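The values are calculated or read from the model by the stated rules, or taken from the named source; none is laboratory data. Since we're looking at a predicted model, the values are computed, not measured. Note: ideal-geometry Cβ built from the backbone for every residue, glycine included; neighbour counts use all protein chains shown. When the accessible area is computed, the model is the full protein with side chains, heavy atoms only, and any ligands, DNA or RNA have been set aside. Shrake-Rupley method; radii C 1.70, N 1.55, O 1.52, S 1.80 Å.
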Amino acid sequence: MANRFEPVIAAFCCHYCSYTAADMAGSMRLSYPPNVHIIRVPCSGKVDAIHIMKAFEKGADGVYVAGCLEGDCHFKNGNVRAGRRVEYVKKLLDEIGIGGERLEMITMSAGMGELFARTASDFTEKIRKEGPNPVKSLPGAAVRSAAG
Amino acid sequence: MITAERKPMEEIMGYVEPCQRILLVGCNECVTVCAAGGRKEVGLLSSALQMAFMKSGKVLQVKELTLERQCDPEYVEELVREIDGVDAVLSMACGCGVQEIARRFRDKPVFPAVNTSFMGASERQGVWAERCQGCGNCVLGLTGGICPIARCSKRLLNGPCGGSTGGKCEISPDVDCAWHLIWERMKALGMEKSYEQVMPARDWRTSRDGGPRKIVREDLAL
Amino acid sequence: MGNRISSSLSNRVLVVGGGMGGIKTALDLAEAGRDVVLVDKAYSIGGFMTQLDRTFPTNNCDLCTISPFLSESGRNLHIELLTMTQVTEVKGEAGNFTVSLHTRPSFIDVSRCTACGACLKAFPECVRFTPGLDHRAPTCMRYPQATPNAYSIDIKKCSDIEALVKVCPAGAIIPDDVDRNRSLAVGAIVLSTGAELFNPDVLTDFGSGMYSNVITGYDYERILSASGPTGGILVRPSDGKAPKTIAWIQCVGSRGARPPYVSYCSSVCCMYAIKEAVVTKERFGDGIEATLFYMDMRTSGKDYELYYQRAKDEYGIHFVRSRPHTVEEIPETGDLSITYATTQSSSLEREVFDMVVLSTGFRVSPDVVALAGELGIELNRHNYAKTSSFDPVATSRPGIYVCGLFEAPKDIPETMVQASAAAHRASTNLTVSPKKEKDSEAFPPEKDVRGLDPRIGIFVCDCGNNIGGVIDVDEVVKYARGLPGVVSSERIGYGCGRDALSRIVSEIKAHDLNRVVIGGCSPRSHETLFQDTVRRAGLNKYLLEIANIRDQDTWVHADRPGDALDKAKDLIRMAACSVALTHPLKGHTVPVNKSVLVVGGGVTGMNAALGLADQGLKVFLVEKSNALGGVSTQLRRTLEGEDVRAYMETLIQETLHHDNIQVMTNAMIVDHSGMSGLFKTGLQVGPRWQYRQIEHGVAILATGAVPNRPKQYLLDEHEAVMTQLDLEGVIEDAPERVRGWRRVVMIQCVGSRTKENPNCSRICCQAAVKNALRILELNPEALITVLYRDMRTYGFQEDAFREARSRGVIFERYDVDDTPDVRGQGDEVTVLFKELILQRELELTADCLVLSTGLIADDEVTEELSMIFRLPRTTDGYFLEDHVKLRPVDLPVPGFFVAGTAHSPKTIRESVAQAHAVVARAMTVLAKDTMDLGAAVARVDADRCAACLICVRACPFGVPFINAEGYSEIDPAKCHGCGVCAAECPAKAIQLMEYEDDQIMAKLYGLLERVK
């Protein structure tokens, strides 16, 4: 077990549903792998393709965007937009050989603490099988400057 | 607006493969509006390229910059401050922008990151369609505001061909028959008569066939 | 203390009792701009709930949910808090009472005490602390986040007063503190005096007080509590051994025939016993066997039945239907042997447990009975305040209201409902209009932090064992000190407690901090509190970031403390990276529209409409059918015998003729936009379905439920088969038919507690009992048999159940897997069922078969409205409230409230209470002239904008437009703050405040820093 790969996973969770579900998992004391790190956004539709790309660029092994169930989005359809965007970025990740399967869109309602915990476990296992993000094990960090 | 689409990553990678440092330049005009080469796409491509390099054990330094308009020399001049030390420039602007950079910086290779597609309009969010081919001799006044040159697959000038069925072009059921549209519109405008007017063969010299074109406004071009 | 009475003081409400109910009443009134005096005889407020470990049905830790309320009431400018104070006399009448108060000395200057604990260390016997199993719990305040956060001195027990005074570094001890009397003018009084628990030591059969391993449910809560005597470790009192088998015995002191038993049901013990058993399994492992001995499982609250089923199926808790005979101790081991009988066997069973928990119920304390006498309010025969079903929080004396346990035994959500209801009813006696908000004056000016390098302060809560029990908080604190920009880092215990909050303020000032990170619980519950705190310290409230190291770390990774520690560091680092990039923001305010949309014209909707209309607000009452009244028009009498039809007629007339109410029948809601304070809702109103749009500040959903009518047991096929609701009509309109009946059979739980509809309909047991008694009134000879699964006559309904039994109604239990069979036989029906004691089939031939079909959600209506209004629903189609315990009538969309059976099945009494409650909740929005919309709005950088229209097309609410200058403009008053435009903008010209890209990236980089 000592050498078991522990992936680093970033989960963008919307305030109204999935972040609440994550809190719910807490109040229900449901255990899930600590690999998942939650970043709160007001709506899954706020998650920019660049946020996802940068997460991988900086070495995340997996990323998921968690929004409300379809039809339940507090902002009408932010979750649907997020889903489309995730599909777009998955293709780009495939193109550059990182692998689109490291990225997922997930939906759940605020009350689904158990689903949150289960998703976190399942996704962690899935990424564990995928292995480390191929860009992070390599020497030399990317340097970049944005001038405009 | 001029529309464009990002090139496949493989092709872009092919251009910048030998480089260690590049300048990635977007344009805040047409390619921003058609979501092909604005600040956001620049950020995405930059990230994708860096990851692709890291994956093959190399490092690519990317400087990102989005100009107000890449087809104007004054804006392109802003690159002077950034261009030293880069191995190449990768442009996300239309072909005009790429060429403007190539003209200004003769010693730097310039590569296109997008395929410039056509002059078009947005049908709805995320969908753009061709509307104009820049023929230099506009006939829209005779065709009810629908261009048979840009929108008929055969550029016919006097009504549809035999391949028009149910308002669609024979090349694809997704393509409207331009002449069907023209007829419907003329009917709606009560202009059926002008449909019968025969358009003579066109003088294509105003279009690309006359060689590269140029517009000079004497009053402005002092 | 003398005459502080001035002319305008009848604008105040006196709230007696600072438990959950009293706090909620006080907060609702204060939020609506009313002044409140809150008195409690104890030395800190919080009452009973603060003693509990976790509460059903969410199994949350109470302290975590209640502490923001407590801190809030402590700092609310409209609330004057008087502890150790009792009411001695009340003169005058509604609108103009004069109250005499007596305050005992606390020997401590509360404003000076910092709760440092020095007095306790030196003189432990002098410090007051009296919760259950008092072995001097870790902190001697009543609970860790006590309000006021100060110790209290018992001077009589102190031998060396001089030394005690000296030991206090703050000089807060006042040895010559004296009793004080004060007189106060108030417009109304709310009694939220709570109840006490039955002491089972007076019983001989269960060994309470004799055997140390027999404890009460309350003692068990204290053992489970992190702030309790064992620090939250489960051990039994006799030998400190961890128990492996635990038994709960229900109805101890309740549902009995003779004193010291009371006859009523305490309503909450079934749920709390299940909760204790589930929490035990959750926290101390599956190895523990939990067994519950019960008579009827009364889980009739919203989704409570599901909780019960989970306890059985998922947690493997054993439920034994039996009232045990005796509990005996095995002297050698201290184990306990329970003797009991079940229907399955003819002989007595005996089983040994390590520990026995007695589920004891509520009693009104003699103090409260005396107070009621002083106030001249009527009590019922159990000493609870007497109220009517149609005005459930009003006592017999006008101007005096009651909420919570003193009205009847009830759980927390119902107490919260009544507390809000009491706030509304009390405010009807206040003549003076509320004062304008003065809160903003209390804050110091904001410090300008622009251009300054970040000076970050990190504050890490331990939240008792919640965080501190899993990870080494000090290590996190130490680690945080090394993060860039961090100038101070410290541990603050329960960060949401009053004293921690003031410490944060003083630390911000002392270290000249300009950014703050709190490592604690979820920002969802505590962000506002901490934002206020940094604001009090002179910082803009958006210079704050909360790292959720409890709900999303220690609570979910308790099994891997090492990883939990790493993750806490990660979360703090991410927050610190992100907070450095925050900048001051200003919230946007808009004027509040003072009209109300009430959807549903039944008993609930009309009561809510009248309540609001009486407060001077314009109400639009929308009803989809062609008349007001709803399901209640089919009811004739309440269980208590009140005339429902007469009541409904008056209610309908009052509603129709009220100047401030516009009733729209045959009306359908078709569209909706806007936000709390400024909604717009479109309607189509019959008969011509004309469209009209209403502008309103809040919306109340009182759409009701529908009587269930399942195709079962020959319903609608045989003349003799009817529902309880049908029977109401027959009894009133065709009594001669009832007089002709020889035998009546009732079947309970028809269409409820089944696979298709797993919840309990709550109202059917009392309806069956009520109708059985009414049949007997008309026809004393009738033989009535009720086939039931659990009789759920909670509270005082139990008296009627008892009366029905004594008058010969036969109650026979049937099993869910072996439901009765019904066959038609001419005019009669034959009911076959399995008698569980005889274990044989019995056959009854009845002239009338009554099915208790209960209510089901009006699925079509709630589905449609939930789509239009974007509201969540429960799986069975009721609207889902924002917080099932603490905000039972608030919906998650701000400005939306729910009441009545649209929330869950309930009686008229309970529906009216909710109707009154939503009025108070709505007033907290409508009493304000402006609404703070927060700062999370999209902002466009005009220089970058390419006017591409992508934001215009992407915005779900159609807010952005391209302005005359040619760039996109987003009106902050209309922006909902989702950030879709920011994510889609191809020029990266839009930023969503509070969630700017660089802040999100900083979090990502903070997280991934360690990866490289």
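Partners of A:Lys91 within straight-line reach, counting aspartates and glutamates whose Cα lies under 18 Å from its Cα and excluding those fewer than 8 residues away in the same chain: A:Asp48, A:Glu57, A:Asp61, A:Glu101, A:Glu104, A:Glu130, B:Glu5, B:Glu10, B:Glu11, B:Glu41, C:Glu984. With a 1.4 angstrom probe, the accessible area lost at the A-B interface totals about 2300 Å². Since only C:Leu571, C:Pro523, C:Ala946 are under comparison, the one whose Cα sits farthest along the positive direction of the charge dipole of chain C, derived from C-beta charges on Lys, Arg, Asp and Glu, is C:Ala946. Calculated mean residue ellipticity at 222 nm for chain A: -12000 deg cm²/dmol, from DSSP H runs with n ≥ 4 weighted as -39500 (n - 2.57), summed, divided by the residue count and rounded to 500. The charge dipole of the protein assembly as shown, taken about its Cα centre with unit charges on the Cβ of Lys, Arg, Asp and Glu (plus for the first two, minus for the last two), comes to roughly 2520 debye. Which value, in Å² rounded to 10, gives the accessible area of B:Arg213 with a 1.4 Å probe and all protein chains present? Counting only protein heavy atoms, the figure is 120 Å². For segment C:555-597, the residues whose amide N sits under 15 Å from a probe point set 7 Å from the Cα of C:Arg939 along the beta carbon direction are C:581-589.
With every protein chain kept in place and ligands, DNA and RNA left out, what is the accessible area per residue of segment B:24-100? Probe 1.4 Å, answer in Å². Provide the component values of the computation, followed by the final result.
On the way: 2280 Å² over 77 residues.
Roughly 30 Å² per residue, with all protein chains present.
Within a Cβ distance under 12 Å of C:Ala537, other residues only, what is the Lys/Arg minus Asp/Glu net charge?
Numbers: positive: C:Lys447, C:Arg503, C:Lys509, C:Arg515, C:Arg535, C:Arg536, C:Lys541; negative: C:Glu446, C:Glu507, C:Asp512, C:Asp532.
Every neighbour counted, the sum reads +3.
The Cα center of segment B:112-156 and the Cα center of segment C:939-970 differ in position by 26 Å.
Roughly to the nearest percent, how much of the accessible area of chain C is carbon and sulfur, given a 1.4 Å probe? Don't jump to the answer; show the numbers that get you there.
Details: 18660 of 37420 Å².
Its accessible area is 50 percent carbon and sulfur atoms.
Modelled this way, with points 7 Å down the Cα-to-C-beta line, the labels at B:Ala188 and C:Glu640 are 6.9 nm from one another.
Of all lysines in the structure, the ones whose alpha carbon falls short of 22 Å from that of C:Lys755, not counting any fewer than 8 places away in one chain, are C:Lys302, C:Lys312, C:Lys711, C:Lys834, C:Lys906. C:Arg870 contributes an accessible area of around 70 Å² to the protein surface, as traced by a 1.4 Å probe with all chains present.
Here the accessible area is traced with a 1.4 Å probe on the protein chains. For segment B:133-199, carbon and sulfur cover 53 percent of it. Here the spin labels are modelled as points 7 Å beyond Cα on the Cα-Cβ line, and at C:Trp689 and C:Lys509 they lie 6.6 nm apart. Could you work out how far the C-alpha centroid of segment B:200-222 sits from that of segment A:1-64, in angstrom? One Cα centre to the other: 57 Å.
Each peptide in B:175-181, C:15-21 was scored by the mean count of other Cβ atoms within 10 Å over its residues; highest first, the order is C:15-21, B:175-181.
On the accessible surface of segment B:2-118, probed at 1.4 Å, how many percent belong to carbon and sulfur atoms? Spell out each step's value before the answer.
On the way: 2090 of 4460 Å².
On segment B:2-118, the fraction of accessible area on carbon and sulfur atoms equals 47 percent.
A loss of 40 Å² or more of accessible area (1.4 Å probe, protein heavy atoms, ligands and nucleic acids excluded) relative to the isolated chain is seen in these residues of segment B:25-59: B:Asn28, B:Thr32, B:Val33, B:Arg39, B:Lys40, B:Leu44, B:Ser47, B:Gln50, B:Met51, B:Met54, B:Lys55, B:Val59. Each stretch of four or more DSSP H residues adds -39500 (n - 2.57); spread over every residue of chain C, this sum gives -8500 deg cm²/dmol at 222 nm. Net length available on complete extension from C:Asp286 to C:Glu649 is 125.0 nm, with 0.36 nm assigned per residue and the Cα-Cα distance removed.
Take the cross-link list A:Lys76/C:Lys541; C:Lys121/C:Lys157; A:Lys54/C:Lys567; C:Lys509/C:Lys974; C:Lys624/C:Lys885; A:Lys90/B:Lys55 and give me the ones stretching past 26 Å between alpha-carbons. Before the final figure, lay out the partial values.
Details: A:Lys76/C:Lys541 29 Å; C:Lys121/C:Lys157 15 Å; A:Lys54/C:Lys567 21 Å; C:Lys509/C:Lys974 36 Å; C:Lys624/C:Lys885 30 Å; A:Lys90/B:Lys55 17 Å.
Distance filter (> 26 Å) returns A:Lys76/C:Lys541; C:Lys509/C:Lys974; C:Lys624/C:Lys885.
For C:Arg802 and C:Lys711, FRET efficiency with R0 = 45 Å and r from the beta-carbon atoms, rounded to 0.05?
Once rounded, the FRET efficiency stands at 0.85.
The listed residues A:Val47, A:Val80, once ranked by accessible area (1.4 Å probe) with the largest placed first, stand as A:Val80, A:Val47. Comparing C:Val279, C:Tyr308, C:Val262 along the charge dipole axis of segment C:197-363, the residue lying farthest to the positive side is C:Val262, per the Cβ-charge model. Using alpha carbon centroids, what distance separates segment B:1-71 and segment C:321-382, in Å? Each part's Cα centre sits 75 Å from the other's.
Among beta bridges identified by DSSP and lying wholly in chain B, the antiparallel ones come to about 50 percent.
Please list C:Thr395, C:Thr343 from largest to smallest accessible area, probe radius 1.4 Å, with all protein chains kept in place. Could you put the intermediate results ahead of the total?
Working: C:Thr395 15, C:Thr343 50 Å².
Putting C:Thr395, C:Thr343 in descending order of accessible area: C:Thr343, C:Thr395.
The residues of segment C:472-568 present an accessible area of 33 Å² per residue when probed at 1.4 Å with all protein chains retained.
Report the accessible surface area buried between chains B and C, summing both sides, using a 1.4 Å probe on protein heavy atoms only, in Å² rounded to the nearest 100.
On the way: alone 13340 and 40200 Å², together 52510 Å².
So the buried area, both faces added, is about 1000 Å².
In the distance distribution for segment B:2-118, Cα-Cα pairs more than 19 Å apart total 37 percent.
To the nearest hundred square angstrom, how large is the accessible surface buried between C and A, total for both chains, probe 1.4 angstrom?
Chains C and A together bury roughly 4600 Å² of accessible area.
Considering only alpha-carbon pairs that sit under 8 angstrom and 6 or more positions apart, the relative contact order computed for segment C:938-992 is 48 percent. Annotation: the antiparallel percentage among DSSP beta bridges lying fully within chain C is about 50.
Evaluated with a Cβ-only charge set (Lys, Arg +1; Asp, Glu -1), chain C carries a dipole of roughly 1700 debye about its Cα centre, given to the nearest 20.
Label sites at C:Thr633 and C:Glu841, each approximated as a point 7 angstrom past Cα along Cα to Cβ, lie 4.5 nm apart. Per-residue SASA remark: C:Met271, around 0 Å² accessible (1.4 Å probe; ligands, DNA and RNA not included).
For chain A, what is the accessible area per residue in Å², given a 1.4 Å probe and the full set of protein chains? Walk me through the intermediate numbers first.
Working: 5040 Å² over 148 residues.
That works out to 34 Å² per residue.
Could you name every residue in segment A:36-53 that has 50 Å² or more less accessible surface in the full protein assembly than in its own chain alone (probe 1.4 Å, ligands and nucleic acids excluded)? Buried-area filter returns A:His37, A:Ile39, A:Arg40, A:Pro42, A:Lys46, A:Asp48, A:Ile50, A:His51, A:Met53.
Taking every DSSP beta bridge that has both residues in the protein assembly as shown, what percent is antiparallel when rounded to the nearest 5? Could you put the intermediate results ahead of the total?
Working: 91 of 207 bridges.
Roughly 45 percent of the beta bridges in the protein assembly as shown run antiparallel, per DSSP.
Partner shielding of C:937-948 amounts to 3, given as the average count of beta-carbon atoms from other chains within 10 Å of each residue beta-carbon.
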